Amino acid sequence: MAGLNIILSYVLGSIPFAYLFTRWITGQDIRTLGNCNAGAANVFRVVNHPAGALVFLLDAGKGAAAVGLMRAAGMGGWWPLAGGVAAVLGHCFPVYLGFRGGRGLATSVGILLA
């Protein structure tokens, strides 16, 4: 059960909100704009402030959701942190974008808040 939840946390963290919103708003790949990073700060600077703020909230939500997933499965101790770390790894190395994602700051904030 723990392994499945870790994999789910990674997949959750891999959702590339910065890429999706930038593609939707501008039609471009965020990884080719600004600092070439698929993260909320780059969206904030390159696309617009509301999109960057929304991406930040969604990325933070991924981290919090991964922690919540582990807790909901009744896993205590270090398991919620392990789920959060898996989400950060998913954000930094998303399978959907060829393992080239963001830096994981917003996702880490979500873990800390959870």
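In percent, how large is the relative contact order of the chain, given Cα pairs closer than 8 Å and 6 or more residues apart? Mind dumping the intermediate values first?
Numbers: 210 pairs, mean separation 39.4, N = 114.
So the answer I get is 35 percent.
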Worksheet item: For the chain, with only Lys/Arg (+1) and Asp/Glu (-1) charged at the beta-carbon, what is the dipole magnitude about the Cα centre, in debye rounded to 20?
Response: 100
Worksheet item: Shape call for the range 13-68 from the C-alpha gyration tensor, a ≥ b ≥ c root eigenvalues: rounded (a/c under 1.5), prolate (a/b greater than b/c) or oblate?
Response: prolate
Worksheet entry | Potential extension, LEU54-CYS36 segment - 0.36 nm per residue separation minus Cα distance | 4.6 nm
Worksheet item: If we sort 44-50, 33-39 on the protection proxy, mean other Cβ atoms within 10 Å, highest first, what's the order?
Response: 33-39, 44-50
Practice prompt. List the DSSP H helices in the chain whose Cα atoms stretch 24 Å or more along the helix axis and whose mean Kyte-Doolittle hydropathy is at least -1.0.
Written response: 49-72
Worksheet item: Of (i) 54, 12, 10; (ii) 26, 13, 10; (iii) 24, 17, 14, which one was derived for semi-axes √(5λ) of the Cα gyration tensor in Å from the structure shown?
Response: (ii)
Worksheet entry | Alpha-carbon centroids, the range 60-105 and the range 1-51: separation in whole Å | 14
Fill in: Sequence of PHE21, PHE56 from largest to smallest accessible area, 1.4 Å probe
PHE56, PHE21
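The values are calculated or read from the model by the stated rules, or taken from the named source; none is laboratory data. Please read these numbers as outputs of a predicted model, since none were measured by experiment. Cβ atoms come from the backbone with ideal geometry, glycine included; neighbour counts cover every protein chain shown. These area figures cover heavy atoms from the full protein model, side chains too; ligands, DNA and RNA do not enter into them. Shrake-Rupley method; radii C 1.70, N 1.55, O 1.52, S 1.80 Å.
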